[in-house]
Amino acid sequence: VPVEGGTAACDFDSLKPGPWAVRVFQDTNADGRLNTSWLGWPKEPVGYGNDAPASTGPPFNLAAVLLEPGRNTARVAVR
C-alpha cells in the first residue's frame, strides 16, 4: 500500500479472530519483496507488531496481536 504523510493503512477483511503476528516492510526499491543481506538481515525498513525486536528473527509470540471479532487496529513502527 502507498505511504502518505509517513503513514500507511491496510484492511484485512477475512482474518479470523485469534493471535496473528504482524510484520511489515517498506519496499524502497519497488521490487515487490523484502531485500536481505546474505546473512538474511533486512536491507529495507521493517517493523513488527507490538514493536517487537527483530534481533533474533521473526518473533511470532512477541509480534502477535489478538484479533477480536469486529474491527481491530495494530500500529507498527517501521525502522
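Just subtract the alpha-carbon distance of residue 30 and residue 54 from 0.36 nm times their residue separation and send over the number in nm, one decimal.
Details: separation 24, 0.36 × 24 = 8.64 nm, distance 2.23 nm.
Extra length from residue 30 to residue 54 when fully extended: 6.4 nm.
Filter the trypsin sites (Lys or Arg not before Pro) in the range 7-76 down to the DSSP loop ones having no more than 13 other Cβ atoms within 10 Å, then list what survives.
33, 43, 71, 75
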### Solvent-accessible surface (1.4 angstrom probe) belonging to residue 15, in square angstrom, nearest 10
70
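Only sites in a loop by DSSP and with at most 11 other Cβ atoms within 10 Å count here; which chymotrypsin sites (Phe, Trp or Tyr not before Pro) in the chain make the cut?
Values: sites: 12, 20, 25, 38, 48, 60; in loops: 12, 38.
Those satisfying the criteria are 12, 38.
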### Task
In debye, nearest 20, what is the charge dipole magnitude of the chain about its Cα centre with +1 on Lys and Arg Cβ and -1 on Asp and Glu Cβ, if you could check?
200
### Task
Quick one: order 22, 3 from most to least accessible surface, probe 1.4 Å.
3, 22
### Task
Give me the accessible area of residue 73, 1.4 Å probe, in Å² rounded to the nearest 10.
110
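The values are calculated or read from the model by the stated rules, or taken from the named source; none is laboratory data. Because the structure is a prediction, the values reported are computed rather than measured. Glycine also receives a Cβ, built like all others from the backbone with ideal geometry; neighbour counts cover every protein chain displayed. Please note that ligands, DNA and RNA were not included when accessible areas were found on the heavy atoms of the full protein model with its side chains. Shrake-Rupley method; radii C 1.70, N 1.55, O 1.52, S 1.80 Å.
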